[in-house]
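Every number here is computed from the coordinates shown, using simple stated rules; none is lab data. What you are looking at is a predicted structure, and each value in this text was computed from that prediction instead of being measured.
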Amino acid sequence: MTLTEQISADMKVAMKSGEKLRLETLRTIRAQIIELTKRGSDKPITADDELSVLMAAMKKRKEAIELYEKAGRNELARQEQEELKIISSYLPAPLTREEAEKIVESIIRATGAASLQDFGKVMPLAMKELKGKIDGKVVQELVKSKLGG
């Protein structure tokens with residue numbers, strides 16, 4: 001079952017059970033995925049494309065939470081946190097920092113990277129491997145630290 005199919009099925013369940021916040025969050029994500037499918041290219045949407053939509057939605061929620069907390073709008077921050085939980089339930093299980101560190105080390109060995117000048121060779125491969133599994137900032141920190149930065 002694709003992510004789009006899963007979201008559609010979960011929307012039906014949320015409608016029947018009266019979960020308004022879950023329903024609205026799923027509608028928003030489904031709309032973003034549909035918008036992506038109608039982007040004008042003839043290529044079908046891939047799992048990576050769907051993952052990108054989820055990651056963008058999560059990033060948007062995290063930024064909103066931060067802004068609402070700074071403004072003292074705790075009720076809105078809580079709503080965004082609930083939406084964030086709903087979105088994250090569709091992502092693959094997150095890796096621990098240690099697991100990500102092992103993957104980054106193996107990529108560095110495979111590319112033969114030796115210094116911070118090789119950051120540009122390692123980072124794209126690391127992000128491709130770890131996308132959606134751990135925050136990009138953490139990946140960047142790990143790559144820099146492993147390359148001696």
Subject >> the range 32-149: proportion of alpha-carbon pairs further apart than 23 angstrom, % >> reply: 46
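Rounded if a/c is under 1.5, else prolate if a/b beats b/c, else oblate: with a ≥ b ≥ c from the C-alpha gyration tensor eigenvalues square-rooted, which is the range 3-88?
oblate
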Subject >> Proximal aspartates and glutamates relative to Lys131, as straight alpha-carbon distance under 13 Å, when same-chain residues fewer than 8 apart are discounted >> reply: Asp48, Asp49, Glu50
Subject >> Violating pairs (Cα-Cα greater than 18 angstrom) within the set Lys62/Lys146; Lys59/Lys146; Lys102/Lys133; Lys62/Lys137 >> reply: Lys62/Lys146; Lys59/Lys146
**OP:** Quick one: compute the contact order of the chain, relative version, from alpha carbon pairs under 8 angstrom and 6+ residues apart, as a percent.
**Re:** 19
Subject >> Cα-based Rg / Dmax (Å) for the range 97-146 >> reply: 9.4, 26
**OP:** Any chance you could run the full-extension gain for Lys128 through Asn74? It's 0.36 nm times the residue separation minus the Cα-Cα distance, nm to one decimal.
**Re:** 15.9 nm
